[in-house]
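Down below is the structure, laid out as C-alpha coordinates.
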Amino acid sequence: MQSPQLLSGLIAFVMLTAGHWAMFAKAGEPGWKALIPVYSDFTMFKLVWSAKAFFIYVASGIGFIVLYLLSGQIHLDASGQLFLTEASNGLLAGIAYVLSLVFLAYCVILAIRTAFAYGKSALFAFGLLILPNIFALILGFGSAQYRGIRQ
(Lines give C-alpha, C1' and ligand atoms only; values in the text may rest on other atoms or scores of the structure.)
Protein backbone atom coordinates (compact mmCIF):
# COMPACT_ATOMS: atom_id res chain seq x y z
CA MET A 1 0.00 0.00 0.00
CA GLN A 2 1.44 3.37 -1.01
CA SER A 3 -0.86 5.67 0.93
CA PRO A 4 1.83 6.90 3.38
CA GLN A 5 4.20 7.75 0.52
CA LEU A 6 1.45 9.49 -1.41
CA LEU A 7 0.37 11.46 1.63
CA SER A 8 3.92 12.50 2.54
CA GLY A 9 4.59 13.51 -1.08
CA LEU A 10 1.41 15.58 -1.16
CA ILE A 11 2.31 17.28 2.14
CA ALA A 12 5.80 18.08 0.82
CA PHE A 13 4.34 19.50 -2.40
CA VAL A 14 1.85 21.67 -0.49
CA MET A 15 4.57 22.96 1.85
CA LEU A 16 6.92 23.87 -1.00
CA THR A 17 4.12 25.42 -3.06
CA ALA A 18 2.90 27.51 -0.13
CA GLY A 19 6.45 28.68 0.58
CA HIS A 20 7.07 29.58 -3.06
CA TRP A 21 3.69 31.32 -3.31
CA ALA A 22 4.59 33.59 -0.38
CA MET A 23 8.15 34.10 -1.67
CA PHE A 24 6.85 35.09 -5.10
CA ALA A 25 4.36 37.49 -3.51
CA LYS A 26 7.19 39.16 -1.58
CA ALA A 27 9.06 39.61 -4.86
CA GLY A 28 6.05 41.11 -6.64
CA GLU A 29 5.26 38.00 -8.72
CA PRO A 30 1.80 36.41 -8.80
CA GLY A 31 1.66 33.56 -6.30
CA TRP A 32 -0.22 31.23 -8.65
CA LYS A 33 3.06 30.67 -10.52
CA ALA A 34 4.05 28.41 -7.63
CA LEU A 35 1.28 25.96 -8.57
CA ILE A 36 2.91 24.89 -11.85
CA PRO A 37 6.05 22.85 -11.03
CA VAL A 38 8.42 23.70 -13.92
CA TYR A 39 7.08 27.24 -14.25
CA SER A 40 7.65 27.69 -10.51
CA ASP A 41 11.32 26.77 -10.97
CA PHE A 42 11.61 29.11 -13.95
CA THR A 43 10.10 31.95 -11.91
CA MET A 44 12.49 31.27 -9.03
CA PHE A 45 15.47 31.34 -11.39
CA LYS A 46 14.27 34.66 -12.86
CA LEU A 47 13.92 36.15 -9.38
CA VAL A 48 17.32 35.13 -8.05
CA TRP A 49 19.52 34.41 -11.09
CA SER A 50 18.49 34.43 -14.77
CA ALA A 51 16.32 32.67 -17.32
CA LYS A 52 19.48 31.51 -19.14
CA ALA A 53 20.65 29.73 -15.99
CA PHE A 54 17.30 27.95 -15.79
CA PHE A 55 17.67 26.52 -19.28
CA ILE A 56 21.20 25.27 -18.52
CA TYR A 57 19.85 23.72 -15.30
CA VAL A 58 17.05 21.91 -17.17
CA ALA A 59 19.30 20.82 -20.04
CA SER A 60 21.89 19.38 -17.66
CA GLY A 61 19.18 17.58 -15.66
CA ILE A 62 17.51 16.03 -18.68
CA GLY A 63 20.86 15.38 -20.35
CA PHE A 64 22.35 13.39 -17.53
CA ILE A 65 19.24 11.23 -17.15
CA VAL A 66 19.05 10.50 -20.89
CA LEU A 67 22.77 9.77 -21.18
CA TYR A 68 22.74 7.48 -18.13
CA LEU A 69 19.89 5.54 -19.72
CA LEU A 70 21.67 5.39 -23.08
CA SER A 71 24.95 4.33 -21.47
CA GLY A 72 23.32 1.19 -20.12
CA GLN A 73 24.21 2.12 -16.55
CA ILE A 74 20.60 2.42 -15.38
CA HIS A 75 18.09 -0.33 -16.05
CA LEU A 76 14.42 -0.84 -15.30
CA ASP A 77 13.40 -4.32 -14.27
CA ALA A 78 9.98 -5.84 -14.96
CA SER A 79 8.52 -4.40 -11.75
CA GLY A 80 9.56 -0.85 -12.67
CA GLN A 81 12.44 -0.65 -10.18
CA LEU A 82 15.61 1.19 -11.21
CA PHE A 83 18.99 -0.40 -10.61
CA LEU A 84 22.56 0.47 -11.51
CA THR A 85 24.91 -1.74 -13.50
CA GLU A 86 28.32 -1.30 -15.03
CA ALA A 87 28.08 1.08 -17.97
CA SER A 88 28.25 -0.51 -21.40
CA ASN A 89 29.28 2.83 -22.91
CA GLY A 90 31.92 4.56 -20.80
CA LEU A 91 31.97 7.79 -22.82
CA LEU A 92 28.23 8.38 -22.43
CA ALA A 93 28.42 7.51 -18.74
CA GLY A 94 31.30 9.97 -18.31
CA ILE A 95 29.44 12.78 -20.02
CA ALA A 96 26.35 11.96 -17.96
CA TYR A 97 28.46 12.13 -14.79
CA VAL A 98 29.78 15.57 -15.74
CA LEU A 99 26.23 16.78 -16.49
CA SER A 100 25.06 15.47 -13.11
CA LEU A 101 27.80 17.55 -11.45
CA VAL A 102 26.69 20.62 -13.43
CA PHE A 103 23.12 20.00 -12.28
CA LEU A 104 24.24 19.62 -8.66
CA ALA A 105 26.32 22.82 -8.88
CA TYR A 106 23.31 24.71 -10.23
CA CYS A 107 21.19 23.41 -7.33
CA VAL A 108 23.77 24.66 -4.81
CA ILE A 109 24.17 28.04 -6.52
CA LEU A 110 20.39 28.46 -6.76
CA ALA A 111 20.04 27.83 -3.03
CA ILE A 112 22.78 30.36 -2.24
CA ARG A 113 21.33 32.99 -4.60
CA THR A 114 17.84 32.42 -3.18
CA ALA A 115 19.07 32.89 0.38
CA PHE A 116 20.99 36.06 -0.57
CA ALA A 117 18.06 37.47 -2.58
CA TYR A 118 15.96 37.29 0.58
CA GLY A 119 18.67 38.71 2.84
CA LYS A 120 19.75 35.42 4.39
CA SER A 121 23.18 33.82 4.84
CA ALA A 122 25.02 30.97 3.15
CA LEU A 123 24.14 28.84 6.19
CA PHE A 124 20.46 29.43 5.41
CA ALA A 125 21.21 28.33 1.83
CA PHE A 126 22.45 25.02 3.27
CA GLY A 127 19.05 24.67 4.93
CA LEU A 128 17.37 25.33 1.58
CA LEU A 129 19.39 22.45 0.12
CA ILE A 130 18.75 19.97 2.92
CA LEU A 131 15.14 20.85 3.89
CA PRO A 132 13.77 22.97 1.02
CA ASN A 133 10.10 22.66 2.03
CA ILE A 134 10.66 23.98 5.54
CA PHE A 135 13.12 26.70 4.58
CA ALA A 136 10.88 27.91 1.72
CA LEU A 137 8.10 28.32 4.30
CA ILE A 138 10.49 30.26 6.55
CA LEU A 139 11.44 32.58 3.67
CA GLY A 140 7.86 33.00 2.52
CA PHE A 141 6.11 33.50 5.82
CA GLY A 142 8.97 34.81 7.95
CA SER A 143 10.40 38.30 8.20
CA ALA A 144 12.69 37.95 5.16
CA GLN A 145 12.25 40.60 2.49
CA TYR A 146 13.05 40.19 -1.20
CA ARG A 147 16.13 42.28 -2.06
CA GLY A 148 16.58 41.28 -5.67
CA ILE A 149 19.42 39.68 -7.56
CA ARG A 150 22.77 40.08 -5.85
CA GLN A 151 25.50 41.04 -8.31
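Within the group VAL14, VAL98, which residue is modelled with pLDDT under 95, β-branched (Val, Ile, Thr) and surrounded by 11 or more Cβ atoms within 10 Å (Cβ to Cβ)? Going through VAL14, VAL98 in turn, the sole match is VAL98. Would it be correct to say that GLY63 is surrounded by fewer than 17 Cβ atoms within 10 Å (Cβ to Cβ), more than 30 Å from LYS26 (Cβ to Cβ) and free of Cβ contacts under 8 Å to residues at least 40 places away in the same chain? So GLY63 does not fit the description; no.
Within the stretch 32-60, the set of residues being among the hydrophobic types (A, V, I, L, M, F, W, C), part of a helix (DSSP H, G or I) and surrounded by fewer than 18 Cβ atoms within 10 Å (Cβ to Cβ) comprises TRP32, LEU35, VAL38, PHE42, ALA51, ALA53, PHE55, ILE56, VAL58, ALA59. Scanning the stretch 108-151 for residues that are assigned to a helix (DSSP H, G or I), out of contact with any Leu (no Cβ under 7 Å at 6 or more places or on another chain) and closer than 16 Å to SER50 by Cβ turns up ILE109, LEU110, ILE112, ARG113, PHE116.
Does at least one position in the stretch 32-49 carry a residue that is small (Gly, Ala, Ser) and closer than 19 Å to ILE138 by Cβ? The answer is yes; a qualifying residue exists. When we screen GLY80, GLY28 for residues that are at pLDDT 95 or above, of a type outside the set (Asp, Glu) and not in a helix (DSSP H, G or I), the only hit is GLY28. Look at (1) surrounded by fewer than 12 Cβ atoms within 10 Å (Cβ to Cβ); (2) more than 16 Å from the chain's Cα centre (by Cα); (3) aliphatic (A, V, I, L, M) and you find that ILE130 fails only one, number (2).
The values are calculated or read from the model by the stated rules, or taken from the named source; none is laboratory data. Worth saying up front: this structure is predicted, and the values here are computed from it rather than measured. All Cβ positions, even for glycine, are placed from backbone atoms using ideal geometry, and neighbour counts span all protein chains on display.
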